[in-house]
Amino acid sequence: MINIPKIFKQDGSIDQGIILPLLPLRDIVVFPHMVAPLFVGRTKSVNALADAMNQDKSVFLSTQKKANVDNPKAKDISEVGTIGAVLQLLRLPDGTVKALVEGKARGHILDFINDDDFFRVEVAPIVQEEKVTPEIVALTRAIVESFREYAKTNPNISKDLVNNVSNIASPSQLGDTVAAHFAFKIEDKQKLLETAGLKDRLDLLLKLVKMEIEVHQMDKKIKGRVKDQMEQNQKNYYLNEQMRAIKKEMGEEEGADELEELERQIRRKKMSKEAKAKAKAEFKKLKLMTPMSAEATVVRNYIEWIISLPWNDRSKVNKDIDDAEKILDEDHFGLEKPKERILEYLAVQSLVRKIRGPILCLVGPPGVGKTSVAKSVARATDRKFIRLSLGGVRDEAEIRGHRRTYIGAMPGKIIQSLRKVGTANPVFCLDEVDKMSMDFRGDPSAALLEVLDPEQNYAFSDHYLDLDYDLSEILFITTANTLPDIPLPLQDRMEIIRLPGYTEYEKSRIAEDFLIQKQIEANGLKDYDVHFSNNAVLTIIQQYTREAGVRNLEREIAAICRKLAREVTRSDHDDAQLRVTAKSIAKHLGPPRHRVGMAEKEDQIGLSTGLAWTQFGGELLSIETLILPGKGKPTITGKLGDVMKESAQAAVSYVRSRVDQLMIDPDFYQNSDIHIHVPEGAIPKDGPSAGIAMCVSLVSALTKRPVRRDVAMTGEVTLRGRVLPIGGLKEKILAAHRGAIAKVLVPSENEKDLKDIPATISKQVEIVLVEHMDEVLTHALVLADGEKSIFKANDMPFEMIPKKGDGANQPTAIN
């Protein structure tokens, strides 16, 4: 801030202040002897003008220090301004006011008097004694001559104005008049207004006038230099040349170092020929543009994207099979199929110099470790890891990017992720690929067809880059919960690897080897002797979680560890061993949340045990049948789907076709009502695999023969009694083992799936392969004492028909 000396009258006393309304100005400085039109819109400013008109039309005009402040305070107002008079006031229709003001004299604010409606200020006029010295006369003449010279090159200044300025006798008035007609910066004008001494003020004014004349002459010189190069439709080019010419005259080339550095990066970057040519062409355009223009920013960003991508930067891949297998086994228990496929890929890569990265799709329920498998693959192969979640993605541009014609355009997530990771051969995990959807913006799954096609992704084209980028060295691993939600063309491009649910044994091992220790450390119990018994872990798995994976299991273990942490922080706690047993689980987690599906306690008539598949694993499915007096009305309940209802109808038809062999009343379907019910009626159920269980339950109810409680079954039944294959066999066998089932009847065509059953399970559960419903009934129904078959004496059941070269053939059983 410029210091203003105290103003004295000629008799030596300090001038008394006068109270005036304050009109803050933005982007204008009003000098004494200057008439200026002002457009006033702020409420306080309008009120200040109204008050001035009601008084003697006097107002104090002071410029704001910052023009962007809408509601200025005392600190935002310049202390030196101009005492002026309002010559004319005109109210406009939009509520603003046009005022014509005239500056009278300089003034210095002594005090601010705040009013709710507007500012009042106490102002002391700055009284100056004009002594005309030879130096002031010389300065005045120089200013007049400079003003004449400026007027010759500026058509906006008339000859009359020049003559009027020349005839002004007062040096102070002449300086203020000349200053008012030059387009100086607001800061320079305010400095002129605040400069107290006449000589200093005229000296400063002369310097500013000389500088303005030089700038004006330089502008003409620049225009002349670029005129020959300019065409009518090259306005931007003309402005750029002006800027370059100005910088050249000033002896500096701002931004030249940055452009040189960008050019060096383009030369040094190893990339494809197409990308190199594109980068050079764009850089050539960039040099001709104004650095601050919007188009230059777009071009520069595009070049930076090209040179920042890992065109030929690769991680060194670990090809040691034994080392990779060790890492995979350390990170995950089980999951043999994905591990085997990864090791096969590494083996082939060690033999072949270049192999296109496989596209693996891990499909399984939540919590089985699909994403963590992808991380382990990256660790085992010493590659970088990227994870891109596709859940909820519905815009094709998320994959392919936006074209550069759009404002704010960027490459797609594939290219963005590669720039972030910095290598051309990472492990790229596309998570939740089955959760994508589509709308009017396009179908992202269609955009993935090129990304995940080994025959095409060597030349992937992003809309933003508009260049071919090689994705063939990337090891893509996608994850999904359900396969049907993935479009078939996308499935066709991937190698599907199913990750079924963990067995209870596998969950126990994972909890003991990984989860418990992880949560002990996470909850600050590392220094305490915390022990979970085997039965405690099994109780958590069976009664507190219902899932195929181990995510909720880890959550429950964490809850117990938090309870233990609370115990050890109590003042009365002793440092004894912290043991978690099956009996103490309820204390930590509350009462059991789930009922364990177990085999029935006794053989019952009309009650068979089926097997069902869910996203969380296999389940035991009880099927009940009652035969009631009636007129043959069938009733099927339990919130069943159409397919399951049709299975029940097929079972009824099969039984009707075998009434003679089964010794059943031929008219049972006319004289009795049949009610088939599947308990847990709030849970929707569907699928054909309960067909044989429904048929067994119906035959049991009609023949009054109990069903063996230790036998479970799964399979689709046809009208002729054939047993057709089903899916989800491993999960169903695991559920049978968990429910203490001794024998499981499965379709013979599912024999190929038995290799997926863990050896520990197949040793404890007898798995019997069946082809026909007659075999199922033979195994499932309880025979009376001395009874050899449920069929009529001369009717041989399906599996007992002698085959060529054999006697009576026994049913196939796999132990």
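The values are calculated or read from the model by the stated rules, or taken from the named source; none is laboratory data. Computed from a predicted structure; not experimentally measured. Methodologically, a virtual Cβ is constructed for each residue, glycine included, from the backbone with ideal geometry; neighbour enumeration extends over all protein chains shown. Heads up: the accessible areas ignore ligands, DNA and RNA and are worked out on the full protein's heavy atoms, side chains in. Shrake-Rupley method; radii C 1.70, N 1.55, O 1.52, S 1.80 Å.
Tabulated data for the structure shown
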quantity: First in the range 542-562 and open to solvent by 40 Å² or more (accessible area, probe 1.4 Å), second anywhere and hydrophobic (A, V, I, L, M, F, W, C) and assigned to a loop (DSSP other than H, G, I, E, B), Cβ under 6 Å, 6 or more apart; calculated: GLN542/VAL596; ARG546/PHE616
quantity: Which listed residue is outside any loop (DSSP other than H, G, I, E, B), free of Cβ contacts under 8 Å to residues at least 12 places away in the same chain and not hydroxyl-bearing (Ser, Thr, Tyr), from LYS66, LYS44, LYS75; calculated: LYS75
quantity: Helices (runs of 4 or more DSSP H) (entirely within the range 624-692) containing at least 2 residues that are more than 16 Å from LYS704 (Cα to Cα); calculated: 642-657, 668-671
quantity: Selected residue (only one of LEU475, LEU452, LEU483, LEU471 is among the aliphatic types (A, V, I, L, M), touching a strand residue (DSSP E or B) at 6+ places or on another chain (Cβ under 7 Å) and surrounded by fewer than 20 Cβ atoms within 10 Å (Cβ to Cβ)); calculated: LEU483
quantity: Of all residues in the range 716-737 being of a type outside the set (A, V, I, L, M) and closer than 12 Å to LEU611 by Cα, the one that is farthest from the chain's Cα centre (by Cα); calculated: GLU716
quantity: Condition met for ASP313 (under 19 Å from ASN425 (Cβ atoms) and open to solvent by 50 Å² or more (accessible area, probe 1.4 Å)); calculated: yes
quantity: Test for ILE19: is it over 13 Å from VAL121 (Cβ atoms), modelled with pLDDT of 85 or more, open to solvent by 30 Å² or more (accessible area, probe 1.4 Å) and out of contact with any Gly (no Cβ under 9 Å at 6 or more places or on another chain); calculated: no
quantity: Positions within the range 304-344 being of a type in the set (Val, Ile, Thr) and either touching a Phe, Trp or Tyr at 6+ places or on another chain (Cβ under 6 Å) or not in a helix (DSSP H, G or I) (or both), in sequence order; calculated: VAL317
quantity: Of residues in the range 106-136 being in a loop (DSSP other than H, G, I, E, B) and over 21 Å from LYS44 (Cβ atoms), the one nearest to the chain's Cα centre (by Cα); calculated: ILE126
quantity: Close pairs (7 angstrom Cβ cut-off, 6 or more residues apart or separate chains): more than 16 Å from ALA701 (Cα to Cα) in the range 643-658, at pLDDT below 85 anywhere; calculated: VAL643/ASP686; VAL643/GLY687; MET644/LYS685; MET644/ASP686; MET644/GLY687
quantity: Residues of the range 97-112 that turn out to be under 16 Å from MET53 (Cα atoms) and either open to solvent by less than 20 Å² (accessible area, probe 1.4 Å) or at pLDDT below 85 (or both), as a count; calculated: 4
quantity: Some residue of the range 738-747 being loosely packed, with under 11 Cβ neighbours inside 10 Å and modelled with pLDDT under 85; calculated: no
quantity: Close pairs (6 angstrom Cβ cut-off, 6 or more residues apart or separate chains): more than 12 Å from LEU745 (Cβ to Cβ) and open to solvent by 10 Å² or more (accessible area, probe 1.4 Å) in the range 703-718, outside any loop (DSSP other than H, G, I, E, B) and of a type in the set (S, T, N, Q) anywhere; calculated: PRO706/GLN604
quantity: Residue among ASP94, ASP76, ASP56 that is acidic (Asp, Glu) and over 57 Å from the mean Cα position of the chain (by Cα); calculated: ASP56
quantity: Residue check for ARG403: closer than 27 Å to ASP468 by Cβ, within 17 Å of the chain's Cα centre (by Cα) and part of a loop (DSSP other than H, G, I, E, B); calculated: no
quantity: Lone unmet requirement of (1) over 48 Å from the mean Cα position of the chain (by Cα); (2) surrounded by 13 or more Cβ atoms within 10 Å (Cβ to Cβ) for LYS65; calculated: (1)
quantity: Of all residues making up the range 142-201, the number that are part of a helix (DSSP H, G or I), within 19 Å of GLU79 (Cα to Cα) and among the β-branched types (Val, Ile, Thr); calculated: 1
